[in-house]
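Read through the structure below, which is laid out as structure tokens, and then see the notes.
The values are calculated or read from the model by the stated rules, or taken from the named source; none is laboratory data. Every value quoted in this text rests on a predicted model; they were computed, and no experiment measured them. As a convention, Cβ positions derive from the backbone with ideal geometry for all residues, glycine included, and neighbour counts pool all protein chains shown.
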Amino acid sequence: MAEILVVAGQRDGVLHPATLEAVAAARTVKTGGDSLAVVIISADPDGLAGALSVEGVDEVITVKAGSNDFQPELVEAVVVALAQAREPSLIATAHSVDAWSFAPSAAVMLGSGFASDVLALKSEGSDLIATRAGYAEKVLVDLEFPGRETTLLTIRTNVFEPAGGSSMPKLTAMDAPACETSLNHLGWKEPADAGGIDIPGSDFILSIGRGVSDEGNVEQFLELADEMGATLGCSRPVADNGWLAKARQVGQSGQLAANCRLYIAMGISGSVQHQWGMKHIENIVAVNTDPEASIFSIARYGIVGDMFEIAEELENHF
Amino acid sequence: MKILVAVKQVSVLDDEFEMRDDGRDVDEDFFEKDLNEFDHFAVEEALLIKEASGGEAEVVIVTVGDDDADDALRTALAKGAERGVRVWDDSLVDADSVTIAKVLAKVVEREDPDMVFTGAQSVDFGHAATGMALAGLLGWPHAAVVSKLDFKPGDENATIHRELEGGLEEIMSVTCPAVLSIQLGINQPRYASLRGIRQARQKPVDELDLSDLGLSAETVKAASRVRRMYAPERGQAEIIEGSVAEQAARLAEIVKELRGA
Ligand SMILES: Cc1cc2nc3c(=O)[nH]c(=O)nc-3n(C[C@H](O)[C@H](O)[C@H](O)COP(=O)(O)OP(=O)(O)OC[C@H]3O[C@@H](n4cnc5c(N)ncnc54)[C@H](O)[C@@H]3O)c2cc1C
């Protein structure tokens, strides 16, 4: 009988939806006798316990904090206290930006096994095996954690179907451990106004990445998108360089192409953060000079070739 | 006042590659090496702080890597950092982020900097872990994915923006010294000048091994071990062959079919 602990996330009192994906991931290695507990830290943790009472959850541990502000040191202290008291075999949490701040530090405090951005896990006998990607998503790596009683994993988002169903978990209130907090929330900065650019609403997106290589090359793709009736999107470097408006950026720190049915990715390698915004799209066409680019692994159609040559020829058809 | 920037020499795979015989990594012949993209931004941020303070700060670059990694270190030095530290030991070949963080923690103790920057992640493996694991070992304040920083030498607190999902940013103050992982786009990294590149060859680099830092292979044990590395199964992508004109014509056809035109 083993214990599994899932660390929930919340922002401003709203449950981080990927928490339920981390529960689903943890469930894949949960066996009959194991118990799965989810810990939630917030100003009103009881209010979030209901949303966490999904299939497979045996216990919800509530930690009442002074505010909903993200405090990595508090999360680390809670994880360390729970891990020491319960000796879980697995601690899982979503690979969210908040987890980037607390998960590696919590792991070294515990001296546990650790892997981040895990996209599959399984048990082989008593061994836990976690799979993640490497070399710009071109390979997969199976990791093991020899000699570790506890392993902490952050789970790639948008891979596991969020846990659903319902359960009647035991509710356990835990006192917030005393800890020094050295970060203070001062405010939020919302993304700049989209200025009429609508990536989320668009059903056809032509998107360009670093392969466009120069600001002077961008205009022709704006024109091509216009002729084809597509919205022009881009990957992050194109927006960071100021070549296109940030509102055109597809991906984790940009837009989700929520209503898109056809996405043509030109000169985009297919990083996990870019995929976040588009990999769900039914019809993805990738144009890339590198036949091993990971974008091809999620595309329906692929052209191994130069985006400028293809673009020039395409113009003759629209 | 000193800022320590930890950088990584990353491996970029060639268009074609083969696995090593033991199946636990790619064969070395199929790599190109480069300074991690994110680290350009971390180095730049440190240099900007130094320059804004009228040169009151020293920027020290540290990397954990073999002789090859000297290139990445020199690239950062060429931009204007004062000096470097490179740690290597043959027992580090299978190092993971936690091992690297344990080594860096000793370098931090030795250098006693006022701020530590890392890149938010590396472009090869994207662990996004080394910096924050380092902070955990040091017990220092820390924040990941910092997209804006307001800090000058002597400040007790820095104001940062943490870039969250969807482009939302959280504005926070953080007590210094701190470990911050620096996000793309926080600044416009400079290119090294020819003079900078020439000077970088002469800049002092401390070369240390584990014992110089009071460490051993056992004390820097990794938190994970690669069992197997392999190429993923390719998706169902239908590759459009032919001349450029034929490929473009087929793509146009696909667009028109799907758009019902
Ligand atoms: C917290 C965080 C959030 C992020 N959010 C986002 C996000 O929202 N969106 C996003 O996109 N990225 C995001 N990133 C950045 C991401 O990690 C990658 O750096 C980025 O997606 C790479 O963009 P790219 O594919 O255009 O560039 P690269 O990875 O450099 O790929 C360029 C591609 O172009 C190909 N190419 C070059 N020349 C040509 C040519 N002539 N014709 C055809 N192909 C060519 C190359 O083969 C290569 O595959 C984020 C990173 C972090 C850490």
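Structure notes:
- Qualifying residues in the range A:272-293 (those that are part of a loop (DSSP other than H, G, I, E, B) and under 14 Å from the mean Cα position of the chain (by Cα)) - the one farthest from the ligand (Cβ to nearest atom): A:H280
- Residue match in the range A:230-244 (condition: more than 14 Å from the ligand (Cβ to nearest atom), under 25 Å from A:H317 (Cα atoms) and within 12 Å of chain B (Cβ to nearest Cβ)): yes
- Annotation: of all residues in the range A:303-318 being near the ligand (Cβ under 8 Å from one of its atoms) and in a loop (DSSP other than H, G, I, E, B), the one that is nearest to A:I208 (Cα to Cα) is A:D306.
- Residue in the range B:2-19 that is nearest to the other protein chains (Cβ to nearest Cβ), counting only those that are in a loop (DSSP other than H, G, I, E, B) and at pLDDT below 95: B:D15
- Matching residues in the range A:183-227 - criterion: being of a type in the set (G, A, S) and in a strand (DSSP E or B): A:G187, A:S207
- Against the conditions (1) touching a residue at least 12 places away in the same chain (Cβ under 8 Å); (2) under 22 Å from A:Q71 (Cβ atoms); (3) buried (at least 23 other Cβ atoms within 10 Å of the Cβ), A:V108 satisfies every one except (1).
- The range A:86-103, residues that are more than 16 Å from the ligand (Cβ to nearest atom) and farther than 21 Å from B:L137 by Cβ: A:R86, A:E87, A:P88, A:S89, A:L90, A:A92
- Scanning the range B:147-180 for residues that are in a strand (DSSP E or B) and surrounded by 20 or more Cβ atoms within 10 Å (Cβ to Cβ) yields a count of 13.
Yes/no matrix, rows are residues, columns are (1) farther than 28 Å from A:D193 by Cβ; (2) out of contact with any Lys or Arg (no Cβ under 7 Å at 6 or more places or on another chain); (3) aromatic (F, W, Y); (4) assigned by TED's automatic domain parsing to the domain that holds A:Y135:
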| residue | (1), (2), (3), (4) |
| --- | --- |
| A:E223 | no, yes, no, no |
| A:A239 | no, no, no, no |
| A:Q255 | no, yes, no, no |
| A:G270 | yes, yes, no, no |
| A:K279 | no, yes, no, no |
| A:N283 | yes, no, no, no |
| A:S294 | yes, no, no, no |
| A:G302 | yes, yes, no, no |
| A:F308 | yes, yes, yes, no |
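- Residue within the range A:259-271 that is near the ligand (Cβ under 9 Å from one of its atoms), within 23 Å of B:I240 (Cα to Cα) and not in a loop (DSSP other than H, G, I, E, B) present: yes
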